[in-house]
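Note sheet for the following structure.
Each value in this text was obtained by applying a stated rule to the coordinates, not by laboratory testing. Worth saying up front: this structure is predicted, and the values here are computed from it rather than measured. Cβ placement follows ideal geometry from the backbone for every residue including glycine, while neighbour counts extend to all protein chains displayed.
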Amino acid sequence: MPPRTRTRRPPRPDMPVPVGAREVFTDGACAGNPGPGGWAWAIDEAVWASGAESPSTNQRMEIRAAYEAVRALEGPLLVVSDSTYVVHCFRDAWWRGWRTRGWTNSARQPVANRDLWEPFVDLVEERGDVAFRWVKGHSGDRMNDLVDRLAVAASRA
């Protein structure tokens, strides 16, 4: 019998970026999982915000960072995150299935961090001017490195 070969799915395309969108980079960090957590977003080195929550999880802080950015910034946005969880939720519209199933995931389990996801999804849907793009973390991207440092600092404050 010949060996099985896996065929890779082609990557899904990026979301269309709204006209005139500003890039906002987001990141979350957690010292332990769960443990003290921090989140941050930044437009540049001068325009940013961060915060903390304890106890928390890394996924929770990733969601919180993006949510806080969308809450704080007006106008079209491109949220750039190293969290595939955050990006795929919107790019692949996972949230539609969650809503349809009463906020349960495809395994019929409650969606983790619903208290963040539900208002975040509502806000993104209401605005209609937000897109998401993934960036590889710890890869030398200047802005991703900045929000990582800010989120780690917030988790330690």
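Count of segment 14-31 residues, restricted to those that are closer than 19 Å to Asp82 by Cβ and loosely packed, with under 14 Cβ neighbours inside 10 Å, is 1. From the list Arg96, Arg91, the one residue that fits, being out of contact with any Ser or Thr (no Cβ under 8 Å at 6 or more places or on another chain), free of Cβ contacts under 8 Å to residues at least 40 places away in the same chain and of a type in the set (D, E, K, R), is Arg96. Does Phe90 satisfy being buried (at least 17 other Cβ atoms within 10 Å of the Cβ) and either among the basic types (Lys, Arg) or in contact with a Leu (Cβ under 9 Å, 6 or more places away or on another chain) (or both)? Here the answer is no, as Phe90 does not meet what is asked.
Considered as a group, the residues in segment 107-148 that are part of a helix (DSSP H, G or I), without any contact (Cβ under 8 Å) to a residue 24 or more places away in the chain and of a type in the set (Lys, Arg) include one that is farthest from Arg60 (Cα to Cα), and that residue is Arg142. For segment 69-82, which positions are touching a Lys or Arg at 6+ places or on another chain (Cβ under 9 Å), among the small types (Gly, Ala, Ser) and crowded, with 24+ Cβ neighbours inside 10 Å? Once the filter is applied, which keeps residues that are touching a Lys or Arg at 6+ places or on another chain (Cβ under 9 Å), among the small types (Gly, Ala, Ser) and crowded, with 24+ Cβ neighbours inside 10 Å, segment 69-82 yields only Ser81. Under the condition of being without any contact (Cβ under 8 Å) to a residue 40 or more places away in the chain and within 25 Å of Gly140 (Cα to Cα), the residues counted in segment 69-87 number 1.
In segment 138-150, how many residues are under 16 Å from the mean Cα position of the chain (by Cα) and either closer than 22 Å to Thr100 by Cα or surrounded by 15 or more Cβ atoms within 10 Å (Cβ to Cβ) (or both)? Residues that pass the stated criteria total 7. Of the helices (runs of 4 or more DSSP H) lying entirely inside segment 1-106, those containing at least 1 residues that are within 18 Å of the chain's Cα centre (by Cα) and farther than 23 Å from Leu146 by Cα are 84-91, 94-100.
Looking across segment 34-68 at every residue that is among the aromatic types (Phe, Trp, Tyr) and more than 21 Å from Glu125 (Cα to Cα), the one that is surrounded by the fewest Cβ atoms within 10 Å (Cβ to Cβ) is identified as Trp48.
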